[in-house]
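The structure under discussion appears below in the form of structure tokens.
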Amino acid sequence: MGSLGAILRHPSDFYPLMKLKMAASNAEKQIPPQPHWGFCYSMLHKVSRSFALVIQQLGTELRDAVCIFYLVLRALDTVEDDTSIPTDVKVPILKAFHQHVYDNEWHFSCGTKEYKVLMDQFHHVSTAFLELGKRYQEAIEEITKRMGAGMAKFICKEVETIDDYDEYCHYVAGLVGLGLSKLFHASGAEDLAPDSLSNSMGLFLQKTNIIRDYLEDINEIPKSRMFWPRQIWSNYVNKLEDLKYEENSEKAVQCLNDMVTNALTHVEDCLTYMSALRDPSIFRFCAIPQVMAIGTLALCYNNIEVFRGVVKMRRGLTAKIIDRTRTMADVYGAFYDFSCMLKSKVDKNDPNATKTLSRIEATQKSCRDAGLRNKRKSYILPSEPRYSFVQVLVLLIILAIFLAQFFASRSSNY
Ligand code: IN0
């Protein structure tokens with residue numbers, strides 16, 4: 001749950017946080033009894049936390065396919081990320097991964113913590129994969145094949161140009177969009193979306209992650225991971241790692257803002273993709289990560305903290321987004337709110353201010369033109385200036401829960 005301090009500052013986070021906590025504990029009780037499916041769903045909860053809940057609300061058949069797709073991709077990612085594997089070992093594994101999913105005796109030990117368990121016990125994932133319908137299997141196989149080949153290509157290649165950046169993001173995230181659109185179509189619930197829109201859905205998420213994770217990636221041991229394109233950062237510093245040094249703060253923030261402005265090019269496509277979805281559970285599954293992404297970009301924009309530590313949305317805001325993202329009107333409302341937040345942070349002296357503002361205004365126009373924004377509570381406007389009687393009561397309850405948890409954990413330590 002969120003910290004006590006954060007809840008006291010944002011008392012309206014409390015109810016969505018409690019709802020999320022209850023949904024998580026219900027989901028954990030629903031782990032299937034068969035060992036391979038049990039492994040897959042508990043692994044899903046370990047590696048993705050809140051996103052697992054969003055997967056859990058899909059219809060059974062599609063949910064199983066998405067769960068396996070997610071784990072296969074995480075496994076592929078674990079191989080790509082493990083810097084201790086020599087390139088001549090890694091490349092053939094990435095290229096042949098789409099075949100390994102059919103072989104429930106195959107496994108390759110790598111990664112750390114829960115990812116090591118996923119890799120060591122990959123036979124459970126393959127066994128579950130083999131129980132999926134043929135159309136789901138084919139979609140997962142095809143995307144895994146293309147992604148593995150793309151990752152292999154980038155093992156020995158740096159992200160130099162903006163085209164390289166788009167190409168890399170296509171392999172690791174755009175293809176996920178293409179695969180998911182195929183799975184939705186195979187379930188019979190949705191028309192097949194155009195590839196370019198599915199691709200943009202992935203690019204918007206991945207570019208947000210790459211921006212947010214700058215420090216974590218640059219500090220990676222034994223070797224930095226660098227995904228920011230040279231074509232952008234070389235306008236500000238000589239080496240990508242220079243962005244983290246205090247003397248370059250002004251340039252670093254300008255470079256960050258340039259990266260955010262680049263990510264904003266995908267917003268229009270994402271809104272178009274989501275507005276064509278018909279199934280409410282598929283809609284929520286797609287929309288929640290997108291709203292989190294625009295919220296994260298708004299938080300990161302012009303924020304030097306990206307180069308100093310972790311910039312993440314508070315848990316209460318995540319819980320609110322999960323609770324309140326149900327219709328396209330909610331999505332337009334959220335994109336509008338976070339665009340306002342972004343706009344308020346643009347400094348007219350920033351070298352890309354005009355470009356950034358024009359992209360923000362285009363997003364706001366799309367949200368307004370849709371005419372769907374409902375009378376909802378804003379995520380960003382200060383809506384909790386004073387404590388009402390109910391809020392004080394709620395705060396006392398939280399305090400009681402915290403104290404109860406504190407004493408329970410103390411007594412269990414003895
Ligand atoms: C995802 C995407 C995802 C969800 C819904 C529709 C999508 C359409 C196109 C492309 C991707 C789509 O969502 C997850 C979200 C996620 O994992 N969130 C994390 C939070 C975080 O900060 O990492 C969580 O723990 O809750 C996502 O980020 N990716 C992903 C991977 C597989 C699948 Cl099946 C769907 C990863 C990525 C690289 C952005 C594609």
Working only within the range 1-59, note down all residues that are of a type in the set (Asp, Glu) and in contact with a Gly (Cβ under 7 Å, 6 or more places away or on another chain). Asp13
Which listed residue is out of contact with any helix residue (DSSP H, G or I) (no Cβ under 8 Å at 6 or more places or on another chain) and of a type outside the set (A, V, I, L, M, F, W, C), from Gln57, Gln99: Gln99
Would you mention how many residues in the range 170-225 are farther than 24 Å from Leu71 by Cβ and either within 9 Å of the ligand (Cβ to nearest atom) or of a type in the set (Phe, Trp, Tyr) (or both)? 2
If I ask for residues that are over 17 Å from Leu94 (Cα atoms) and of a type in the set (A, V, I, L, M), which ones from the range 104-124 would you list? Val117
The range 312-340, residues that are assigned to a loop (DSSP other than H, G, I, E, B) and open to solvent by less than 10 Å² (accessible area, probe 1.4 Å): Thr325
Take Asp103 and tell me if it is more than 15 Å from the ligand (Cβ to nearest atom), modelled with pLDDT of 90 or more and open to solvent by 50 Å² or more (accessible area, probe 1.4 Å). yes
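Out of all the residues in the range 216-227, is one or more in contact with a helix residue (DSSP H, G or I) (Cβ under 6 Å, 6 or more places away or on another chain) and in a helix (DSSP H, G or I)? Don't jump to the end; show me each part of the working.
Keep residues of the range 216-227 that are in contact with a helix residue (DSSP H, G or I) (Cβ under 6 Å, 6 or more places away or on another chain), which gives 218, 224-227.
Filter once more, so that each one left must be in a helix (DSSP H, G or I): 218.
Checking the range 216-227: at least one residue is in contact with a helix residue (DSSP H, G or I) (Cβ under 6 Å, 6 or more places away or on another chain) and in a helix (DSSP H, G or I).
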Which one of Glu268, Glu246 is within 27 Å of Glu160 (Cα to Cα), within 16 Å of the ligand (Cβ to nearest atom), open to solvent by 30 Å² or more (accessible area, probe 1.4 Å) and not β-branched (Val, Ile, Thr)? Glu268
Which one of Leu62, Leu76 is surrounded by 15 or more Cβ atoms within 10 Å (Cβ to Cβ), more than 19 Å from Ala186 (Cβ to Cβ) and aliphatic (A, V, I, L, M)? Leu76
Quick check on the range 16-35. Is at least one of its residues open to solvent by less than 60 Å² (accessible area, probe 1.4 Å), among the acidic types (Asp, Glu) and within 16 Å of the ligand (Cβ to nearest atom)? no
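The values are calculated or read from the model by the stated rules, or taken from the named source; none is laboratory data. Note that the structure is predicted; figures quoted are calculated from it, not measured. Methodologically, a virtual Cβ is constructed for each residue, glycine included, from the backbone with ideal geometry; neighbour enumeration extends over all protein chains shown. The protein model used for the area step is the full one, side chains on, heavy atoms only, and it has no ligands, DNA or RNA in it. Shrake-Rupley method; radii C 1.70, N 1.55, O 1.52, S 1.80 Å.
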